[in-house]
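Written below as structure tokens is the structure these notes are about.
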Amino acid sequence: MTNTPRSCSQCLGKLKAKMIFEKFSHDVNYGHAKCGKCGITFDSNVNEMAETVVESAEDLKNLDETEYRELFVETSQIADDDGDIYTDFKWDDNDGVKAGVAEHVIRAIDARHKDGIKRFADVGCGSGFMSCEIAKKYPGATVHAIDPSPLVQRLAGVQGVEPHQGTLQTAGLEADSVEALSIIGNWMLHMDPMDTLKEAHRVLQPGGTLILDFKNVKSATRVLAGWALRMGLDRFGGRGLLHRNFVNMRYGFTKKYVLRSLDEQGFKAIEVESKPPRLLEFSNKSHYQKGVKGLIWRSLDGFDAIRKEQAWIQIVAEKKA
Ligand SMILES: [Zn+2]
């Protein structure tokens with residue numbers, strides 16, 4: 001088994017990190033830990049991962065699914081053959097979900113770029129569903145759709161979209177070349193999230209817009225799930241759900257930590273928004289929203305909304321000149 005990092009790799013705190021649980025149930029040899037100093041959580045193999053360097057997109061071409069998951073935590077197949085996304089949530093209206101995810105980002109672009117944009121980067125675009133929405137919204141713009149998944153190859157030929165299989169670091173964008181850049185739904189999975197911020201800062205124009213979201217470890221559901229795992233309650237069931245929805249992230253961040261990191265990397269935060277878990281969002285109903293289960297989710301989310309500590313935090317930031 002992988003050793004718990006002696007201290008948090010991010011804040012280099014002196015305190016020993018505490019394990020939330022020793023080992024994920026599936027065929028990996030790491031668990032999830034929490035830093036007593038800065039309050040973030042992380043997979044216990046982050047030190048090993050930080051040493052892994054993906055130098056070029058070529059390195060990702062021939063990975064099998066196990067190797068892919070080791071590097072990027074999530075599956076390489078977030079969309080099915082029809083292009084439907086996150087199908088395990090069993091949405092009634094998949095197109096509504098895609099438009100809903102894109103809506104948060106388009107709203108942020110519109111607010112800051114009144115004359116539209118010419119060049120955009122969608123980092124961790126998955127199947128590229130949001131890249132396509134943004135290309136439609138801003139005709140004439142070039143949208144760089146970047147993801148390590150082979151799914152991005154499906155985007156070849158889409159009007160306004162330039163697919164890059166790989167990471168932001170391997171995509172080869174020029175310095176000061178994009179007006180806006182989004183990292184939606186994947187930043188906490190990156191091998192080195194701070195290195196991603198550095199690269200985002202390099203490719204954005206001065207005054208350019210970063211739209212970033214992350215899983216918030218302070219949301220009530222994630223706190224409760226963490227305690228359930230520490231007490232071993234997952235023995236009695238729900239393990240898959242606890243892992244999938246609450247700790248399936250290389251890093252679990254807090255608002256305070258991310259705001260400080262953005263400042264250190266040369267960004268000025270403009271807007272901080274608390275967002276519900278995706279399974280509760282959007283106009284259509286997922287099967288998680290039905291019955292008693294739905295009532296519990298919504299109550300916890302309502303409590304989190306008052307505290308402004310919902311499952312996801314989205315931050316809009318500006319590259320300082
Ligand atoms: Zn720490």
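Points to keep in mind about this one:
- Meets criteria (more than 16 Å from the ligand (Cβ to nearest atom), acidic (Asp, Glu) and modelled with pLDDT under 80) for residue 92: yes
- Considering the range 10-33, and only residues there that are within 9 Å of the ligand (Cβ to nearest atom) and surrounded by 19 or more Cβ atoms within 10 Å (Cβ to Cβ), the residue that is modelled with the lowest pLDDT turns out to be 10.
- Enumeration of residues in the range 82-127 that are without any contact (Cβ under 8 Å) to a residue 40 or more places away in the chain, crowded, with 19+ Cβ neighbours inside 10 Å and small (Gly, Ala, Ser): 102
- Qualifying residues in the range 232-266 (those that are away from the ligand (no atom under 16 Å from the Cβ) and basic (Lys, Arg)) - the one surrounded by the fewest Cβ atoms within 10 Å (Cβ to Cβ): 235
- Of the listed requirements (1) assigned to a helix (DSSP H, G or I); (2) over 20 Å from the mean Cα position of the chain (by Cα); (3) among the acidic types (Asp, Glu), residue 133 misses just one: (2).
- Note on the range 300-321: among residues that are assigned to a helix (DSSP H, G or I) and within 13 Å of residue 255 (Cβ to Cβ), the one that is farthest from the chain's Cα centre (by Cα) is 307.
- Each residue in the range 34-49 was checked for being within 11 Å of the ligand (Cβ to nearest atom) and in a loop (DSSP other than H, G, I, E, B), and 6 pass.
The values are calculated or read from the model by the stated rules, or taken from the named source; none is laboratory data. Just so you know, these numbers come straight off a predicted model, no measurement behind them. Don't worry about glycine lacking a Cβ; one is built from the backbone with ideal geometry, like all the others, and counts go over all protein chains shown.
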